[in-house]
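Encoded as structure tokens, the structure appears first; notes follow it.
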Amino acid sequence: MTSFTVGIDLAKNVFSLHGVDAHGKVTLRKTVKRNKLLAALGNLPEDTLIGMEACSGAHHWARQFQKLGYTARIMASRFVTPYRKGGKNDNNDAEAICEAVGRPNMRFVSIKSPDQQSALCVHRLRQGLVRARTAQINQLRGLLMEFGIVIRKSRESVQREVPLILADAENDLPWVMRQLIEDAFKRLLQLNDDIADYDKMIHSLAQRTESAKKLLAIPGVGEMTATAIVASVSDAKQFKSCRHFTAWLGLTPKQHTTGGVVRLGRITRRGDIYLRTLLVHGAR
């Protein structure tokens, strides 16, 4: 049992702290600025347990608290909400976090290393570029349709047809429109190059990570899926079996059972959408 428990409501500049001793007595309740957070926690006992909600910066602060010798835990916000008393404010949130982190059956988020977060950033930035490329393709098709020029739904069709359309002097396309289409097409090609650069980075990550190499041996798992799993799952031992991992991904049906009658609904889809999409496409 820890001698001191602290709940921290994380923010950008101002942090609310709520701490209790081993007997549940409130001995810490204050608000500190970002640059004074570590100093405010520096005099706590070594066996202090610090709880936080999963949010931007949570993994960074968890690593900082671990360097001080404390035990850091991250929880999903939906598990903290039932412990909040009164209205929602920073102090009440910190108190709820302090209460929730001490529960014996609480589920925690594994703390990611800087390398894992960096790998996830590669995937997130690449995903954003893919969305931007899809939007650029749809915009090109929509603009050309206004002038009676129809292109089929696919990136290959757009990249093949647009140069031919620009070279055709008899399609009655105004010169202003030609210039706009040419500029948009250049942006599309640049997005292709940027995505290819991130693909090379993901390939490099897959070859340098032993866990990713093991995952590549599974049929349907490629470099993107392998690196995404390694970056998202800090410690696979947190799952008792593959079924627990499936439930964490949100690939299990919703259950509404009462009176011994089992009712299963549609897939929950509660987990990581990006990771689940990669696995589903790999299975196909």
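The values are calculated or read from the model by the stated rules, or taken from the named source; none is laboratory data. Predicted model, so just to flag it, every value in this text is computed and none were measured. Heads up, the Cβs are rebuilt from the backbone with ideal geometry, glycines too, and the neighbour counts pull from every protein chain shown. These area figures cover heavy atoms from the full protein model, side chains too; ligands, DNA and RNA do not enter into them. Shrake-Rupley method; radii C 1.70, N 1.55, O 1.52, S 1.80 Å.
General observations
- Per-region count, region 17-60, residues within 15 Å of Ile97 (Cβ to Cβ), assigned to a helix (DSSP H, G or I) and in contact with a Phe, Trp or Tyr (Cβ under 9 Å, 6 or more places away or on another chain): 2
- Test: residue in region 136-158 that is closer than 30 Å to Ala228 by Cβ, of a type in the set (Lys, Arg) and not in a helix (DSSP H, G or I): yes
Conditions (1) farther than 24 Å from Thr81 by Cβ; (2) surrounded by 19 or more Cβ atoms within 10 Å (Cβ to Cβ); (3) hydroxyl-bearing (Ser, Thr, Tyr), marked per residue:
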{"site": "Gly7", "(1), (2), (3)": "no, yes, no"}
{"site": "Ala11", "(1), (2), (3)": "no, no, no"}
{"site": "Val14", "(1), (2), (3)": "no, no, no"}
{"site": "Val20", "(1), (2), (3)": "no, yes, no"}
{"site": "Lys25", "(1), (2), (3)": "yes, no, no"}
{"site": "Lys30", "(1), (2), (3)": "no, no, no"}
{"site": "Leu37", "(1), (2), (3)": "no, no, no"}
{"site": "Asp47", "(1), (2), (3)": "yes, no, no"}
{"site": "Gly51", "(1), (2), (3)": "no, yes, no"}
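- Number of the exception - Pro114 against (1) modelled with pLDDT of 95 or more; (2) closer than 30 Å to Ala72 by Cα; (3) surrounded by fewer than 16 Cβ atoms within 10 Å (Cβ to Cβ): (1)
- Scanning region 256-284 for residues that are part of a strand (DSSP E or B) and either β-branched (Val, Ile, Thr) or open to solvent by 70 Å² or more (accessible area, probe 1.4 Å) (or both) turns up Thr258, Val261, Leu264, Arg266, Ile267.
- Members of region 202-223 found to be in a helix (DSSP H, G or I), closer than 16 Å to Leu120 by Cα and in contact with a helix residue (DSSP H, G or I) (Cβ under 6 Å, 6 or more places away or on another chain), listed by number: Ile202, His203, Leu205, Ala206, Ser211, Ala212, Glu223
- Considering region 167-194, the residues that are acidic (Asp, Glu) and free of Cβ contacts under 8 Å to residues at least 24 places away in the same chain include one that is farthest from Leu144 (Cα to Cα), namely Asp193.
- Residue within region 201-217 that is open to solvent by 80 Å² or more (accessible area, probe 1.4 Å) and in contact (Cβ under 8 Å) with a residue 40 or more places away in the chain present: yes
- For region 61-76, the set of residues classified as in contact (Cβ under 8 Å) with a residue 24 or more places away in the chain, over 15 Å from Leu17 (Cβ atoms), in a helix (DSSP H, G or I) and more than 21 Å from the chain's Cα centre (by Cα) consists of Gln66 only.
- Residues (assigned to a helix (DSSP H, G or I) and more than 20 Å from Val122 (Cβ to Cβ)) located in region 224-255: Ala236, Lys237, Gln238, Cys242, Arg243, His244, Phe245, Thr246, Ala247, Trp248, Leu249
- Number of residues in region 176-188 that are among the aliphatic types (A, V, I, L, M) and under 10 Å from Gln136 (Cβ atoms): the value is 2.
- Residue ID - most open to solvent (accessible area, probe 1.4 Å), chosen from residues in region 161-175 that are farther than 12 Å from Leu143 by Cβ and of a type in the set (A, V, I, L, M): Leu164
- Options Asp235, Asp194: the member that is acidic (Asp, Glu) and either farther than 22 Å from Arg155 by Cα or in contact with a strand residue (DSSP E or B) (Cβ under 8 Å, 6 or more places away or on another chain) (or both): Asp235
- Qualifying residues in region 233-255 (those that are surrounded by 13 or more Cβ atoms within 10 Å (Cβ to Cβ) and among the hydroxyl-bearing types (Ser, Thr, Tyr)) - the one farthest from the chain's Cα centre (by Cα): Thr252
- Flag for Phe79 being aromatic (Phe, Trp, Tyr), more than 27 Å from the chain's Cα centre (by Cα) and surrounded by 12 or more Cβ atoms within 10 Å (Cβ to Cβ): no
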